[in-house]
Amino acid sequence: MSSIIRVENVCKTFVDEKSKSSNEVLQNINFEIEENEFVVIFGPGQSGKTTLMNIIAGLETATSGEVYIKDKLVTSAGPDRAMVFQNILLFPWLTVRDNVEYSMKVRGFDKEEMHREAQKYLDLVGLQGFEDAFPVKISGGMKQRVGIARAYCAKPDVMLMDEPFGALDAQTRYLMQEEVIRIRNQEKRTIIFVTNNIEEALYLADRIIVVTECPSKVMEAIKIDLPRPRDYVSEEFLRLRKEISAMTNRAR
Ligand SMILES: Nc1ncnc2c1ncn2[C@@H]1O[C@H](COP(=O)(O)OP(=O)(O)OP(=O)(O)O)[C@@H](O)[C@H]1O
């Protein structure tokens, strides 16, 4: 297996220009991610996970250090990366289908190809029958499905998912975790998924990168070899959950 993402010595300090105060958020972050690997970045709230994702996405610059995608230095956002956020932003005046097609339209796709691609991903995420609905008429879970379809349509090498299910009710969140694995089994991608929920991390990850509180460092990278589909209450699942929780509690 070859590594598709390299995060090398990434540091980030935010400086408030007015007060000149500084906030060191990321301290020397290093890791590599293999092609088609599902990596979860797990850490406490306000530990710099979103900042790290934004740096990988090219939306934020590191104070020092580099990120490489397929050996190419990240200097800005690019079509090789697509993001799915917790607060999915859909155009309220466009239908579900038009929201999914929007980025292809902007990139000048042929109309027929655009419809075909959009339908493929709408079907993949389970939105058949909701293509003509407007965002105001669909649930939070369905909005996340639109966001995932839209991200897949861009055909990125890497999917960056930043707490996408953080605002969903517990039952919908479990369902969406299953869905992400089902979709990923049908359409292989390299995925980085951020969460502060240990159960979610263990259900999804091939590998969990545990980060500390700010200034955030990589505490541990743990390969998760549990068979799939995973059982939230299997002995091994609960053992790992306890072990990782204890590890993060010790670091507090
Ligand atoms: N643009 C910014 N300017 C100044 N400080 C920032 C900026 N973005 C983030 N921070 C600070 O960086 C720290 C980490 O925030 P970040 O959102 O990256 O953490 P997080 O782990 O994603 O948090 P959560 O899990 O609660 O979403 C916080 O103290 C936050 O205030």
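The values are calculated or read from the model by the stated rules, or taken from the named source; none is laboratory data. It should be emphasised that the depicted structure is a prediction, and the values quoted were computed from it without experimental measurement. When we count neighbours, we look across all protein chains shown, and the Cβ atoms used for this are built from the backbone with ideal geometry, even at glycine. The protein model used for the area step is the full one, side chains on, heavy atoms only, and it has no ligands, DNA or RNA in it. Shrake-Rupley method; radii C 1.70, N 1.55, O 1.52, S 1.80 Å.
Observations
- Just one of the listed residues (206, 225) is of a type in the set (Asp, Glu), in the same structural domain as residue 70 (by TED's automatic domain parsing), out of contact with any Ser or Thr (no Cβ under 9 Å at 6 or more places or on another chain) and surrounded by 13 or more Cβ atoms within 10 Å (Cβ to Cβ), namely 206.
- Qualifying residue in the range 92-115 (condition: on the phi < 0 side of the Ramachandran plot and touching a residue at least 60 places away in the same chain (Cβ under 8 Å)): no
- Applying a threshold of 6 Å to beta carbon distances and a minimum spacing of six or more residues, or different chains, the list of pairs starting in the range 13-40 at a residue that is assigned to a loop (DSSP other than H, G, I, E, B) and ending at one that is away from the ligand (no atom under 12 Å from the Cβ) and open to solvent by 80 Å² or more (accessible area, probe 1.4 Å) reads 36/188.
- Residues satisfying the stated conditions in the range 2-20, i.e. open to solvent by 60 Å² or more (accessible area, probe 1.4 Å), more than 10 Å from the ligand (Cβ to nearest atom) and farther than 30 Å from residue 246 by Cβ: 2, 17, 18, 19, 20
- Test: residue in the range 139-154 that is in contact (Cβ under 8 Å) with a residue 60 or more places away in the chain and part of a loop (DSSP other than H, G, I, E, B): yes
- For residue 162, the criteria (1) under 19 Å from residue 195 (Cα atoms); (2) open to solvent by 20 Å² or more (accessible area, probe 1.4 Å); (3) of a type in the set (Asp, Glu) hold in every case but one, which is (2).
Yes/no per residue for (1) under 18 Å from residue 83 (Cβ atoms); (2) assigned to a loop (DSSP other than H, G, I, E, B):
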| position | (1), (2) |
| --- | --- |
| 166 | yes, yes |
| 172 | no, no |
| 177 | no, no |
| 193 | yes, no |
| 203 | no, no |
| 214 | no, yes |
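Okay, residues lined up against (1) farther than 24 Å from residue 51 by Cα; (2) among the acidic types (Asp, Glu):
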position	(1), (2)
171	yes, no
195	no, no
199	no, yes
204	no, no
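- Output for the range 46-74, where each listed residue is of a type in the set (S, T, N, Q) and open to solvent by 70 Å² or more (accessible area, probe 1.4 Å): 46, 61, 63
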